[in-house]
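Shown next, in structure tokens, is the structure this report addresses.
The values are calculated or read from the model by the stated rules, or taken from the named source; none is laboratory data. None of these values were measured; they are calculated from a predicted model. Backbone-built Cβ (ideal geometry, glycine too); neighbour counts: all protein chains shown.
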Amino acid sequence: MRAYKDLELAPPKDSPMLRPSSVQVERELEVLSQIMDNQFQIPVLGWRFGLNAIIDLIPEFGDIATTIVALYILVSAVRYRVPKVTLLRMGLNIGIYFVGGLIPLAGDLFDAWWKPNIRNINLLRRRATVSAEEARQGRTSDWVFVAIIIGTLLTLLFGSVALSILFFWYVATQLRFAL
């Protein structure tokens, strides 16, 4: 198997597709992940956190907003033609982040520690098969696969919102009958 020094040249049809050894991810995705997960530092301790940890303090809205940002990075990964197993792992990172964030108080600390956007950008860097210049569109099968992942995550998201509403409605009706 030949090594292709110039990534703009496609390998011959009879050889397997080679992954670039170093892929430059779009600067906007890098900056977005840093802002959301590592923007601020606690001076004495050196712990880093981002806007995710702050936005997540707003009940329900915070979870939705930060999940949408994480989904944007997942969708962007399709254009870099990362393998489907990597897309699934990125979706799992988002799911773990979301479910962990549902735990009161401890979930907020978990969210600041988990950093799904940084994890997913690192996966994207390691597993991308095309450079940013070539990453204009993804394959249809990748888009369908990511749509299934996003559908599952959105079902989880809206299911938790619905359960929260039902819980508060139940508590309110119980309090009304108790008085």
Checklist outcome for this item: residue 125 fails exactly one of (1) without any contact (Cβ under 8 Å) to a residue 60 or more places away in the chain; (2) assigned to a helix (DSSP H, G or I); (3) surrounded by fewer than 20 Cβ atoms within 10 Å (Cβ to Cβ), namely (1)
Item to check | Sole residue being out of contact with any Ser or Thr (no Cβ under 9 Å at 6 or more places or on another chain), modelled with pLDDT of 90 or more and either closer than 30 Å to residue 168 by Cβ or not in a helix (DSSP H, G or I) (or both), chosen from 58, 54, 64 | outcome: 54
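With the condition kept exactly as written, say whether any residue in region 99-122 is farther than 29 Å from residue 57 by Cα and not in a helix (DSSP H, G or I).
no
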Checklist entry - residue 80 versus (1) of a type in the set (Phe, Trp, Tyr); (2) within 23 Å of residue 60 (Cβ to Cβ); (3) buried (at least 20 other Cβ atoms within 10 Å of the Cβ): which is the lone unmet condition? => result (2)
Checklist entry - For the subset of region 60-75 comprising residues that are surrounded by fewer than 21 Cβ atoms within 10 Å (Cβ to Cβ) and of a type outside the set (A, V, I, L, M), which member is nearest to residue 163 (Cα to Cα)? => result 60
Checklist entry - Looking only at residues in region 14-44 that are in contact with a Leu (Cβ under 8 Å, 6 or more places away or on another chain) and not in a loop (DSSP other than H, G, I, E, B), which one is modelled with the lowest pLDDT? => result 29
